[in-house]
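**Student:** This is the structure I have questions about; it appears just below.
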Amino acid sequence: MTSVIPETSTTTSDPRAQSTDKPRQPGTCADWPGICTEAESGHFDHSNHGHQVVDKSGVQLLDVGFAALSNDSNPRPVIYIGSEDWAPDEFHAASAAVRQLMDTGDDMAERTMLRQGNGEAALARIDQKIKGERTRMIAMVAHQRRVRIELRPSRTPFTESDTEQTASAAFSLACDAVGIALAKSPDKAGMVRALRAMVDLYADEASA
Ligand SMILES: [Zn+2]
């Protein structure tokens, strides 16, 4: 089984991977706060290494990290996957492609399980994946909200608890989903009735 728990990386000649023990928490770096994990005061080489996926024997399959090195003539920060660097604004296209590749792998695994007569287990995996993605989406919406607030410091700071953040993000996603469902449904009136019944049920629960 492939582990996503970061472990000590294998030896590599890549200078960016020189200190890849377990990923450290971003520290007190003044240049790249919340990103750089270099702890030494007054450091010039900024980085965040050690995020990796390993194979069954613990050998690194893929790693992701951040580097902004002072020995470059034009020290621009990069996000890397393996040995390839991307500018931060280019990275999302790369990460989307990797994610899509993993979806292809999941699809292959599920089809193979079906073919092997293991359909129920395949369905359970898909169910698990949907739950995971839902949690990820909620976290992403909460993250988006925090970034929005950070962009407008004059506005109210984000003081909600984690639970409140999750609730707001899930609510916002639910509203989006309802909008899509209504836009796509051939029976909008029926869907609105079903929605109203559901809301009534929740209203009863909330006032109970
Ligand atoms: Zn730094």
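**Student:** Pairs please, first residue from segment 63-76 and modelled with pLDDT of 80 or more, second anywhere and open to solvent by 90 Å² or more (accessible area, probe 1.4 Å) and not small (Gly, Ala, Ser), Cβ atoms under 6 Å, 6+ apart in sequence or on different chains.
**Tutor:** Listed pairs, sorted by first residue: Ser70/Phe44.
**Student:** Tally the residues that are at pLDDT below 80, closer than 25 Å to Leu61 by Cβ and within 14 Å of the ligand (Cβ to nearest atom), restricting the search to segment 12-43.
**Tutor:** 5
**Student:** While we're on this one: With the condition kept exactly as written, say whether any residue in segment 36-54 is in contact with a His (Cβ under 9 Å, 6 or more places away or on another chain) and either of a type outside the set (Asp, Glu) or part of a strand (DSSP E or B) (or both). Write out each step before concluding.
**Tutor:** Keep residues of segment 36-54 that are in contact with a His (Cβ under 9 Å, 6 or more places away or on another chain), which gives 36-38.
From what is left, the residues that are either of a type outside the set (Asp, Glu) or part of a strand (DSSP E or B) (or both) are 36-37.
Yes, that holds for at least one residue.
**Student:** Quick one: how many residues across segment 44-75 are of a type in the set (Ser, Thr, Tyr), more than 10 Å from the ligand (Cβ to nearest atom) and within 25 Å of Arg146 (Cβ to Cβ)?
**Tutor:** Summing the residues that are of a type in the set (Ser, Thr, Tyr), more than 10 Å from the ligand (Cβ to nearest atom) and within 25 Å of Arg146 (Cβ to Cβ) in segment 44-75 gives 0.
**Student:** Inspect all residues belonging to segment 191-201 and state whether any of them is at pLDDT below 90, over 30 Å from Glu110 (Cβ atoms) and part of a helix (DSSP H, G or I).
**Tutor:** The answer is no; no qualifying residue exists.
**Student:** Then there is this: Among the residues of segment 29-65, count how many are within 18 Å of the chain's Cα centre (by Cα) and more than 17 Å from Val98 (Cα to Cα).
**Tutor:** Here the count works out to 5.
The values are calculated or read from the model by the stated rules, or taken from the named source; none is laboratory data. Note that the structure is a prediction, hence the values are computed from the model and not measured. Backbone-built Cβ (ideal geometry, glycine too); neighbour counts: all protein chains shown. To get the accessible areas, we keep the full protein, side chains included, count just its heavy atoms, and leave off ligands, DNA and RNA. Shrake-Rupley method; radii C 1.70, N 1.55, O 1.52, S 1.80 Å.
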